[in-house]
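Enquirer: Here it is, the structure, as structure tokens.
Any read-out appearing in this document is the output of simple, stated calculations on the displayed coordinates, not a laboratory observation. Please read these numbers as outputs of a predicted model, since none were measured by experiment. Cβ placement follows ideal geometry from the backbone for every residue including glycine, while neighbour counts extend to all protein chains displayed.
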Amino acid sequence: MARRFIGVDVGGTKVAAALLEGTSMSEPVVEPTDVSGEEALLDQIAALVKRLGPADAVGVGVPSVIDHAAGAVRHSVNVPLHRVPLRDLLADRLGVPVCIDNDATVAALAEAHDDDLRPVSDSLVMFTVGTGVGGGIVLGGRIYRGATGAAGEIGHQLIGADFSRGGPPSTDRFPQPGSLEILASGGALGALATERGFADGRAAVAAARAGDAAAREVIEVVAERLGVGVANAINIFDPEEVVIGGGVSAAGELLLGPVERTARRFVLPGVGTRTVIRLARHGPLAGVRGAALLALQEAPLS
């Protein structure tokens, strides 16, 4: 009998959970994220897992800086999990082993494997563009976590710092002005869309698909900003693949085209000559699939 692993993808606006049995992934169950407090969110995650039935282990991806060894959240912006020992609290609620990691990191893990869970990319950098901009890094076929487990905060790279007043603006709060998180997230897309008369970012994407020139310009502005971040990733890692996922990736080629054109402009000649820039193959399932794969690979099973 195939083992059962549940993956949970926690985002700033929604929580999704799905079951991985063998190599088959169920359709996710999805709810709006309960951001009213830590306990409410923990209860929501546990309830979603229990709806999917028994599991051998659970993997959870969260949009936070993670202490992987301790199974704890170091810092969290979009969800109320700041300094929460998430792994142990969820394991107590669920009675099974739990693994946690950054949401974009687990999405990168999913994208480095095919539908049959076979590794297909040795080096990959993932950008997840949704409520914020997350990142995940796979090097040598394995998740790269850095010295403390917190590597991959790609959204906090500065792509637009203003030095005109003698130095870059800085605050003691994050995201910083000029960061990818501020300039190329779903929030940035929504702000640009409303400035141009659209209801929100989704409306702009729909209008762009229908050929609206102003809507296409909205997407192109965000895509060009994201492309600078992609160029930085290629210059640093020279990866096999750069993958764009998250809700904003629903814009498809309207987003990918200007991302790639901009990235290629800013990549150093001779670097990234084998890098493929593509959309996430697992689409909105990348997060839950990667979280389940994390549990399959790393949970301490008896």
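Enquirer: Run the dipole for region 130-264 about the Cα centre, Lys and Arg Cβ at +1, Asp and Glu Cβ at -1, nothing else charged, and hand back the magnitude in debye, nearest 20.
Expert: 120 debye
Enquirer: Continuing with this model, one more query. Using only the Cα atoms of region 1-117, each taken as one equal point scatterer with no solvent, compute I(q) by the Debye sum, divide by I(0), and report log10 of the ratio at q = 0.12, 0.15, 0.20 Å⁻¹.
Expert: Evaluating at q = 0.12, 0.15, 0.20 Å⁻¹ gives log10 I(q)/I(0) of -0.38, -0.60, -1.11.
Enquirer: A follow-up question, please. Report the relative contact order of region 169-302, percent, no decimals, based on alpha-carbon pairs under 8 angstrom and at least 6 residues apart. Write down the numbers at each step before the final one.
Expert: Details: 151 pairs, mean separation 27.8, N = 134.
That works out to 21 percent.
Enquirer: For region 99-244, give the share of DSSP beta bridges that are antiparallel, in percent and rounded to the nearest 5; count only bridges with both residues there.
Expert: 75 percent
Enquirer: While we're on this one: Rank the residues VAL35, VAL230 as a footprinting-exposure proxy: fewest other Cβ atoms within 10 Å of their Cβ go first.
Expert: With the sparsest Cβ surroundings first, the list reads VAL35, VAL230.
Enquirer: Moving on. So what's the Cα pair-distance distribution over the chain, bin width 20 Å, in %?
Expert: With a bin width of 20 Å, the distribution comes to 35, 57, 7, 0.
Enquirer: Report relative contact order for the chain in percent, whole number only (criteria: Cα-Cα under 8 Å, sequence separation at least 6).
Expert: On the way: 683 pairs, mean separation 62.5, N = 302.
Computed value for the chain: 21 percent relative contact order.
Enquirer: Right, here's the next one. Ranked by Cβ crowding within 10 angstrom, fewest neighbours first, how are ASP238, ASP122, ASP101 ordered?
Expert: Fewest-to-most Cβ neighbours within 10 Å comes out as ASP122, ASP238, ASP101.
Enquirer: What is the mean projected area of the alpha carbon convex hull for region 120-281, to one decimal in square nanometres?
Expert: That works out to 10.7 nm².
Enquirer: Under the rule of -39500 (n - 2.57) per DSSP H run of 4 or more residues, summed and divided by the residues of the chain, what mean residue ellipticity at 222 nm is obtained, to the nearest 500 deg cm²/dmol? Mind dumping the intermediate values first?
Expert: Details: 9 runs with 107 residues, N = 302.
So the helix-based figure for the chain works out to -11000 deg cm²/dmol.
Enquirer: Cut-off is 10 Å between beta-carbons; in what order do ILE45, ILE137 appear when sorted fewest neighbours first?
Expert: Ascending number of Cβ neighbours within 10 Å: ILE137, ILE45.
Enquirer: Still on this structure, please answer the following. Taking the Cα atoms of region 245-302, report the difference between the largest and smallest coordinate on each principal axis, in whole Å and largest first.
Expert: Principal extents (Cα only, largest first): 51, 28, 13 Å.
Enquirer: What whole-number volume per residue, in cubic angstrom, does the convex hull of the C-alpha atoms of region 195-270 give?
Expert: Once divided by residue count, the hull of region 195-270 is 87 Å³.
Enquirer: Step by step: find N for region 23-86, compute 2.2 N^0.38 Å, then divide the Cα radius of gyration by it. What's the final number?
Expert: Numbers: Rg = 12.7 Å, N = 64, 2.2 N^0.38 = 10.7 Å.
So the Cα radius of gyration is 1.19 times the expected 2.2 N^0.38 Å.
Enquirer: Continuing with this model, one more query. Taking the Cβ of PHE266 as the centre, find all other residues whose Cβ is under 12 Å away and add up their charges (Lys, Arg: +1; Asp, Glu: -1).
Expert: +2
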